[in-house]
Amino acid sequence: MLIFINSSVVDNGDENSWDDETVLALENLASARREGKPLVMAKREIFKKIAQCRRLSQFARNTYNKLFNQSTQLESTQLESYLSAVTRYIELVNSCYEPEVVSNSGKQIIKVAPRFFNDSELVQKTILLCENIHDTILYETIAKIYLVWNNINIKIVCEGRGGGGNTISLEYINIQELKKRFCLCIVDSDKIAPDGNFGSTASLIQTQSDSNCINTQTFILDCREIENLIPNSILSELCSRNQERLKVLKIFENISSTAFEIRRFLDIKKGTRMKEIINASNPKIKSFWEVKTSLIPNISSSIDDWCQANWQCSNNSGECKCKISLGFGENTLSNTVEYLKHKNPHEIAKIVDKSMHSDWEKIGQVVMNWCIAGSPIRV
């Protein structure tokens, strides 16, 4: 999280006039910045004034002095570039009795008083809460790719946590109630069409969480689930030595090239069958698939003509045999994460399909907002 110290925090007289809450907050922020957690920013003269405060520990003064020395004229433009890069950040201001969210030119600025950071827990790593620990690794990777695409030289630092179903909603609500940590929660939508219904996990978090909590944000994927974010180029690498997966990939690439919007709502792990669509109670789901499915070449070879013409299942009592797509298996995400471990962000940035850029950039921006951090400081 980017934390900007407004000049009003230290402009009120000399250091002896600063209240104890301000001094404690500056002490905690120095400790966190030294460890490379949140990105603490201020104008150069503010860092100089804080570094001269004798009420701070020597370690804190050294940290602010290091930040002051780094803040050359070039660093001043870097401050502006960081503030323009994020769309959500915290501004420490004086005389702010209650936290306030101000929207300005597409940005959300969370204004807080210094006492907001009197608890050192609030300057720890942002929690990235997802349904699976592998999810957190992929989202962190997506954010790093976003930095490469946008030439932003900064770090992404977070505390990844995974939990599924009811577990994740309970943990998220508990984090909100305690108000001791920053947390970004990303969950699958489990939608099978753009106007489809959310799955149980997304619905639970949406209805039970506090949308006004400034310490947290919920992000529900626009696509079905996290596997839909895996680019074809990476899926191809996973399939290179597996004949069964190569067969799946061929069908998948056929769909991606002719009806890409469907790709975002396929079941990547198990495959998608017509019956799932036909049984949907939401009429918008059926109309979406009816139009998009007709665009897939040779779809009649895997879907019964009667079923497609009538949008009904001819085999109500048994297993649906109309396969729109096949599945890559339950280990698709874990295999992807293992593959990514052996690649650096610049390598991955070059192979992500152009059609995936929009989804990756949207997620990358949100993760960067919450998990932006500076390198640890030696003092």
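The values are calculated or read from the model by the stated rules, or taken from the named source; none is laboratory data. Since the structure is predicted, the reported quantities are computational estimates derived from the model, not experimental observations. Don't worry about glycine lacking a Cβ; one is built from the backbone with ideal geometry, like all the others, and counts go over all protein chains shown. Please note that ligands, DNA and RNA were not included when accessible areas were found on the heavy atoms of the full protein model with its side chains. Shrake-Rupley method; radii C 1.70, N 1.55, O 1.52, S 1.80 Å.
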**Fill in**
Plugging the Cβ-Cβ distance of residue 120 and residue 177 into 1/(1 + (r/R0)^6) at R0 = 22 Å yields, to the nearest 0.05, a FRET efficiency of 0.70
**Asked** If you find the alpha carbon centre of region 81-148 and of region 242-275, how far apart are they in angstrom?
**Response** 36 Å
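Compute, for the chain, the length of the dipole vector about the Cα centre, with Cβ point charges of +1 (Lys, Arg) and -1 (Asp, Glu) only. Units Debye, rounded to 20.
Details: 45 positive and 45 negative charges, 179 e Å.
The calculated dipole for the chain is roughly 860 debye.
Under a 1.4 angstrom probe, counting protein chains only, how are 54, 224, 378, 273 ranked by accessible area, largest first?
Most to least solvent-accessible, the answer reads 378, 54, 273, 224.
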**Request:** Pop the C-beta distance of residue 7 and residue 339 into the FRET formula with R0 = 56 Å and round what comes out to the nearest 0.05.
**Result:** 0.75
**Request:** Could you pull the Cα extents of region 2-122 along its three principal axes, largest to smallest, in whole Å?
**Result:** 39, 34, 28
**Complete:** Net charge near residue 305 (other residues with Cβ under 15 Å of its Cβ; Lys, Arg +1; Asp, Glu -1) is 0
**Request:** Evaluate E = 1/(1 + (r/R0)^6) for residue 261 and residue 78, where r is the Cβ-Cβ distance and R0 equals 35 Å; express this FRET efficiency to the nearest 0.05.
**Result:** 0.35
**Complete:** For the chain, any Cys whose C-beta has no other cysteine C-beta under 4.7 angstrom counts as unpaired, and these are 53, 96, 130, 183, 185, 213, 223, 239, 307, 313, 320, 322
**Complete:** region 2-122: antiparallel bridges as % of DSSP beta bridges, rounded to 5, reads 30 percent
**Prompt:** If one computes the Cα centroid of region 288-332 and of region 1-71, what distance in Å separates the two points?
**Reply:** 61 Å
**Fill in**
Excluding residues fewer than 8 positions from residue 362 in its own chain, the aspartates and glutamates with Cα under 17 Å of it are 135, 140, 188, 222, 225, 227, 261, 353
**Item:** Value in Å of the Kirkwood radius, where the chain supplies the Cα pairs that are averaged
**Value:** 23.0 Å
**Message:** Taking 0.36 nm per residue of sequence separation and subtracting the Cα-Cα distance, how much length would be gained by fully extending the chain between residue 95 and residue 302, in nm to one decimal?
**Reply:** 67.9 nm
**Asked** Between their Cα atoms, which of 250/323; 270/354; 275/321; 250/341; 144/354; 37/155 are more than 20 Å away from each other?
**Response** 270/354; 250/341
**Prompt:** In straight Cα distance, which lysines are under 19 Å from residue 111, not counting same-chain residues fewer than 8 positions off?
**Reply:** 43, 179, 180
